[in-house]
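Q: Handing you this structure, nothing more for now.
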Amino acid sequence: MMAVQTRLQPAELRDQRSLRDTLGRYPTGVVVITAAAADGPTGMTVNSFTSVSLDPPLIAFCPKRSSTTWAQIRRAGGFAVSLLRLHHEEIARRFAQWGADRFSGHEWWESPTGHPLLAEAIGWLDTTIESVSSAGDHEIVVARVLDWSAPGEGEPLVFFSGGYRALS
């Protein structure tokens, strides 16, 4: 018995929502990117974060080109990354919300280069921006890792299918 092949609808006829739904089936970690900007501390929730290279130590993330928070971070020339624990869902939501008081209610430290770090993070990285490339409505930011924490204990916060999740 042969399987019947169904012809798929061309990608240009499908909507952006269906693409977002498909990509949302790929689980990602959740981090908060922060910087000591000219107007004070700033930050944003990111799930487009990845390791790029160990030698030299490079990481990357992809902020939306129109983000005013990203513009402040870019002008700062570097940033810190706080790797979120499972219980940090409220922080992730607050740093994703426009106009929120993002730094209240939790303890923050300064990274070696002066950027805010979440005291309870599962780990952190301190970086300087190496390159920024255009990629559609986003940019690809590659940053050199200058310093980092020892790995912490606990479960990471994961984003999957439009919501925050645990690994197990």
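The values are calculated or read from the model by the stated rules, or taken from the named source; none is laboratory data. Since this is a predicted model, take the numbers as computed values, not measurements. Reconstructed Cβ throughout: ideal geometry from the backbone, glycine too, with neighbour counts over all protein chains shown.
Q: For residues in the range 44-68 being farther than 18 Å from LEU146 by Cβ and surrounded by 17 or more Cβ atoms within 10 Å (Cβ to Cβ), which is nearest to the chain's Cα centre (by Cα)?
A: VAL46
Q: Kindly evaluate VAL141 against the criterion of being among the aliphatic types (A, V, I, L, M), closer than 18 Å to GLY43 by Cβ, out of contact with any Phe, Trp or Tyr (no Cβ under 9 Å at 6 or more places or on another chain) and modelled with pLDDT of 95 or more.
A: In short, no.
Residue by residue, here is whether (1) farther than 20 Å from PHE61 by Cα; (2) touching a helix residue (DSSP H, G or I) at 6+ places or on another chain (Cβ under 6 Å); (3) part of a strand (DSSP E or B) holds:
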residue: HIS88; (1), (2), (3): no, no, no
residue: SER104; (1), (2), (3): yes, no, no
residue: LEU117; (1), (2), (3): no, no, yes
residue: GLU120; (1), (2), (3): yes, no, no
residue: ILE129; (1), (2), (3): no, no, yes
residue: ILE140; (1), (2), (3): no, no, yes
residue: ALA143; (1), (2), (3): no, no, yes
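Q: Would you check if ILE91 is over 20 Å from SER51 (Cβ atoms), in contact with a Leu (Cβ under 8 Å, 6 or more places away or on another chain) and either β-branched (Val, Ile, Thr) or modelled with pLDDT under 95 (or both)?
A: Yes; evaluated as a whole, the condition is true for this residue.
Q: For the range 28-36, state whether one or more residues are at pLDDT below 95 and surrounded by 11 or more Cβ atoms within 10 Å (Cβ to Cβ).
A: Scanning the range 28-36 turns up at least one residue that is at pLDDT below 95 and surrounded by 11 or more Cβ atoms within 10 Å (Cβ to Cβ).
One line per residue, one yes/no per condition, for (1) in contact with a Leu (Cβ under 8 Å, 6 or more places away or on another chain); (2) under 22 Å from THR42 (Cβ atoms):
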residue: ALA100; (1), (2): no, yes
residue: SER104; (1), (2): no, yes
residue: THR127; (1), (2): yes, yes
residue: SER131; (1), (2): no, yes
residue: GLY136; (1), (2): no, no
residue: VAL145; (1), (2): yes, yes
residue: VAL158; (1), (2): yes, no
residue: SER168; (1), (2): no, no
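Q: Where the second residue is not in a loop (DSSP other than H, G, I, E, B) and the first is of a type in the set (Phe, Trp, Tyr) and lies in the range 150-161, which pairs have Cβ atoms under 6 Å and are six or more apart or on separate chains?
A: PHE159/THR28
Q: Quick one: which of ALA80, ALA92 is surrounded by 12 or more Cβ atoms within 10 Å (Cβ to Cβ), under 14 Å from the mean Cα position of the chain (by Cα) and outside any helix (DSSP H, G or I)?
A: ALA80
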